[in-house]
Amino acid sequence: MCRFPDEGAPSNEGYDGEEDFLAFTLEAGVQWSEAYAAANATGRVLVGGLSAGGSVGAAGGWIQGGGHSALSSNYGLGVDNAIQMTVVTSTGEHLTVNAYQNSDLFWALRGGGGGTYGIVTSVTYQTHPDLPLVAAFFVAYSTNSTVLKQVFTESFAMLPALSDAGWGGYGGINETGVGFFDISPNVSWAQANETWNPFFERVANLTSSGLNITTALTVPYPSFYPLYESMFRTPTGQNGGNLILGSRLIPRVVIETNNEEMSAAVFETPGMTWNFVAGGQVSKVDPDSAGINPAWRDAVVHITWGASWDDGATADDIGKLAAGLKEQEARIRALTPTSGCYFNEASPFEEDFQYTFFGDHYARLKEIKDKYDPHQLFVVTQGVGSEEWNDDLICRV
């Protein structure tokens, strides 16, 4: 960790001596598990991804797609915390990019899609004080779908207010159960209980209707890292699988004005999970400050679901799964017509990928790509500039 001055900054700008600008530079190949351990050793915390075993890369596609975190409602997205990058372009240049030099490329690399503009070799992130936090855990089961839907709908309605209070986390639902955990480093244990106990008490009244609540509690932690170690440190041993994914960024206004219909669509979509990683500080950042999809600034939650198959499945079987996914996407898109999707976790079947993944930033992102990748060496499915290639990304069209 170092006190970080932006390279190329005027002498009267850049690092101002405050601890908010203590920074870590993470090179390509560093995983978030390693970064969190290093930050914890210095009494700091980084805004990063969460996955079993911590295998998400800290300086690769995560940040270039935007980078969400359970801490985002307090500290913003990954792109809001990156203060400098180094990148190798297709012309062979090794550039330092930040707000003061090659600022257009710095803008694009923060959310404009991975594998598109160059090869990122390092990212420098600002850090934050490693404060005590509280986690809320809830798990319930029922064979009564009406009761389960009621619990889910009420929990979803709480998301805007929770994000304002600095909470963020993850959850999932299936035909027999619902569960989630949320964290906040911005509250005392007493304040957390004031937030969650009314919900726990209301849903407890549904036990007479067949709801089986197995977990409903808050737990204080001395800092972020003990929570991380207890929940995510152990690898799963799984690497990849046969899966097609659907996703959508759900705007705050939709939950506030049409939660019943939105919750029904989520509840009735098989395999649904949600990433409560927006709202709060994310919504306070200028949508044009980075290349990331502006839809993030209006969203409060990012939902994902998918369809999977076993090895050896026929093309017809996979095609039917893909068709079902498209129908599910259409229903949710109709409820959120002006929103979009998170590029890193999305369907490969989006009909208008330019708007869905990049919003009104697409034209500027394309100009920046053409400037720094004049040979069009870098191309990814539904990434910026991919419309100039055939479906297999082999031949220009």
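The values are calculated or read from the model by the stated rules, or taken from the named source; none is laboratory data. If you're wondering where the values come from, they're calculated on a predicted model, not measured in any experiment. We place every Cβ from the backbone using ideal geometry, glycine too, and count neighbours over all the protein chains shown.
Here are the numbers for the structure shown:
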quantity	calculated
Complete set of residues in the range 66-100 that are aliphatic (A, V, I, L, M) and part of a strand (DSSP E or B)	82, 83, 85, 87, 88, 95, 97
Unique residue being closer than 30 Å to residue 94 by Cα, assigned to a strand (DSSP E or B) and hydrophobic (A, V, I, L, M, F, W, C) when the list is 120, 139, 134	120
The range 335-347 residues that are on the phi > 0 side of the Ramachandran plot and of a type outside the set (A, V, I, L, M), paired with ones that are in a loop (DSSP other than H, G, I, E, B) and modelled with pLDDT of 95 or more (beta carbon under 6 Å, 6 or more apart)	none
Residue in the range 145-159 that is out of contact with any Cys (no Cβ under 7 Å at 6 or more places or on another chain), in contact (Cβ under 8 Å) with a residue 24 or more places away in the chain, at positive phi and among the small types (Gly, Ala, Ser) present	no
Yes/no for residue 252 being touching a helix residue (DSSP H, G or I) at 6+ places or on another chain (Cβ under 9 Å), surrounded by fewer than 22 Cβ atoms within 10 Å (Cβ to Cβ) and within 27 Å of residue 383 (Cα to Cα)	yes
Inter-residue pairs, beta-carbon under 6 Å, first free of Cβ contacts under 8 Å to residues at least 60 places away in the same chain and in the range 360-376, second loosely packed, with under 13 Cβ neighbours inside 10 Å and assigned to a helix (DSSP H, G or I), 6+ apart	none
Any hit, the range 388-397, residues being in contact (Cβ under 8 Å) with a residue 40 or more places away in the chain and of a type in the set (Val, Ile, Thr)	no
Among the candidates 73, 103, residue that is of a type in the set (Gly, Ala, Ser) and either surrounded by 22 or more Cβ atoms within 10 Å (Cβ to Cβ) or touching a helix residue (DSSP H, G or I) at 6+ places or on another chain (Cβ under 6 Å) (or both)	73
Count of residues meeting criterion [outside any loop (DSSP other than H, G, I, E, B) and of a type in the set (S, T, N, Q)] in the range 319-347	1
Test: residue in the range 203-220 that is surrounded by fewer than 15 Cβ atoms within 10 Å (Cβ to Cβ) and modelled with pLDDT under 95	no
Qualifying residue in the range 52-59 (condition: crowded, with 22+ Cβ neighbours inside 10 Å, of a type outside the set (A, V, I, L, M, F, W, C) and closer than 22 Å to residue 294 by Cβ)	no
Residues located in the range 182-202, provided they are of a type outside the set (S, T, N, Q) and either under 17 Å from residue 159 (Cα atoms) or at pLDDT below 95 (or both)	182, 183, 185, 187, 192, 194, 196, 198, 199, 200, 202
Count of residues meeting criterion [in contact with a helix residue (DSSP H, G or I) (Cβ under 8 Å, 6 or more places away or on another chain) and within 26 Å of residue 250 (Cβ to Cβ)] in the range 129-140	6
Residues within the range 249-301 that are closer than 16 Å to residue 153 by Cα and part of a strand (DSSP E or B), tallied	8
Residue list for the range 166-177, filter: touching a strand residue (DSSP E or B) at 6+ places or on another chain (Cβ under 7 Å) and in contact (Cβ under 8 Å) with a residue 40 or more places away in the chain	166, 167, 168, 169, 170, 171, 172
Yes/no for residue 238 being in contact with a helix residue (DSSP H, G or I) (Cβ under 9 Å, 6 or more places away or on another chain), at pLDDT below 95 and among the polar types (S, T, N, Q)	yes
